[in-house]
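Coordinate-derived values only; no laboratory data. Just so it is clear, the model here is predicted, and its values are computed rather than measured. A quick note on method: Cβ atoms are made from the backbone with ideal geometry, for glycine too, and the neighbour counts reach across all protein chains shown.
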Amino acid sequence: MSAAEERARRSLIEAPADLLVDRLSEELTRSYGITSVELFQVDYRLAELLPLGEEETGITSPGHPAWRCFDHQEPVLADGVGWFPVGMRGERRGVLRLAPVPEDPALVAELAGIATALGHEVTAVSAGTDIYRAARRSRRLTLAAEMQWDLLPARSRVRPSFSLAGQLEPAYAVRGDSFDWSDDGHRVWLSTINGGGEGVAASLLTSLATHALRNARRGGLALADQAALADQAVYALHRGEQHLSALLLELDLRSGVLTAVDAGSPRLVLLRAGEVHDWPLEKQFPLGMFEGTDYREQHFELRRGDRLFVVSDGVVEAVGQQTRYGDAALDRFLRRTVPLAPLDAVRSLIGDLRAFVAGDLVDDAVVVCLDWTGPDS
């Protein structure tokens, strides 16, 4: 690491939460002669790159260098302007625009490292300031959507043995659908909730189930017991009058063994060698429907390179021109995602749905994509 790069990284660590980009800009001007610095964050719909500063406008054109940088997660230079991916451990936050940037591979590599450091710092400080969250929205979130997005651990994650991504729709007005995940280096847990109801009530129900599942998972309970604890928590509050569907997955990252509990779940689809297969899950009662439900686990073996999609009924039931999107259209589109990274696959599917309905989805929908790439050597 050069002395200039070290100073730039230190300026980020020492900067106040609201002045990360300002302090970085000052250091980049001193050390590299860069006079223009702007952070663009991807919005909640994954459709626009929005500037942190008010003097710039959002970027929506797919062919723009900023989107090429975001999509490929590589620096892009165009007419003396450098675009660098900003993210952390697979979570793509946006891009950093710098100018002027000469065509110097060593310099570009240094600036890419600084942009990654910025991604880590933005993530670290976001819990204590609203400026980065507020700048990511092109319009106001509903209260229910605000609650749902704050419930997510992140939208994507990449490790040598797996990668995953998910998206909630309609992004600015989602109510009850959600997903949650965690990994410890040996296993990854993924829960996808196909919630019901309207507005804040739906979000509160999903929040209760998610926190109950986290509580059980962090207590070291097996997957079936996690479902049972969440089931009891929802039933104790609503006595069966409200319930919600969920799919719980646990993937052993060394062996590829997948454990599943289907509690009235969203659809689970396996994409293997370019072919789509519906996974034969044992349908069990939704969480909170009855008192004291016993849940059973199923076990499957994944192959290296397998891809899993979890989609809620809001995807296949989406209506455009009086026609359902349907299972056949979904299967055809999933086959086309083979060469794409999980976040790009999810974003492409959501984009296809928006085109199908000619706008934002009306009903809640959640899409999650999980790749198992094989044991981490």
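The largest-to-smallest principal axis extents of the Cα set in the chain are 65, 48, 40 Å. Centre-to-centre, using Cα atoms only, the stretch 52-122 and the stretch 312-326 are separated by 36 Å.
Placing +1 on the Cβ of every Lys and Arg and -1 on the Cβ of every Asp and Glu, with no other charges, gives the stretch 3-134 a dipole of roughly 340 debye about its Cα centre.
Excluding the sites themselves, what is the longest stretch of the chain that contains no GluC sites (Glu not before Pro) in a DSSP loop with at most 12 other C-beta atoms within 10 Å?
104-197
Here the Gaussian network model covers the chain, with springs between Cα atoms less than 10 Å apart; of ASP225, ASP360, ASP278, ASP278 fluctuates the most. Kirkwood's formula applied to the C-alpha pairs of the stretch 187-307 gives a hydrodynamic radius of 14.8 angstrom. Applying the criteria of a DSSP loop state and at most 15 other Cβ atoms within 10 Å to the trypsin sites (Lys or Arg not before Pro) of the stretch 324-377 yields ARG336.
Its relative contact order, with pairs defined as Cα atoms under 8 Å and 6+ residues apart, puts the chain at 14 percent.
Eigenvalues of the Cα gyration tensor times 5, then square-rooted: what semi-axes does that give for the stretch 3-134, in whole angstrom, largest first? Each step should come with its number before you reach the end.
Values: eigenvalues 78, 71, 33 Å².
Values for the stretch 3-134, descending: 20, 19, 13 Å.
For the stretch 91-218, state the semi-axes of the equivalent ellipsoid (square roots of 5 times the eigenvalues of the alpha-carbon gyration tensor), sorted largest first and rounded to whole angstrom. Mind dumping the intermediate values first?
On the way: eigenvalues 205, 79, 27 Å².
Over the Cα atoms of the stretch 91-218, the semi-axes work out to 32, 20, 12 Å.
So what is the 222 nm mean residue ellipticity for the chain from helices alone, if each DSSP H run of at least 4 adds -39500 (n - 2.57) and you divide by all residues, rounding to the nearest 500 deg cm²/dmol? Roughly -11000 deg cm²/dmol at 222 nm, from the helical runs in the chain. Helix screen, the chain: DSSP H segments with Cα axial length of 24 Å or more and mean Kyte-Doolittle hydropathy at least 0.0 are 105-125, 199-218. Among the trypsin sites (Lys or Arg not before Pro) within the stretch 272-318, those in coil by DSSP and having at most 14 neighbouring Cβ atoms inside 10 Å are LYS283, ARG296, ARG303, ARG304.
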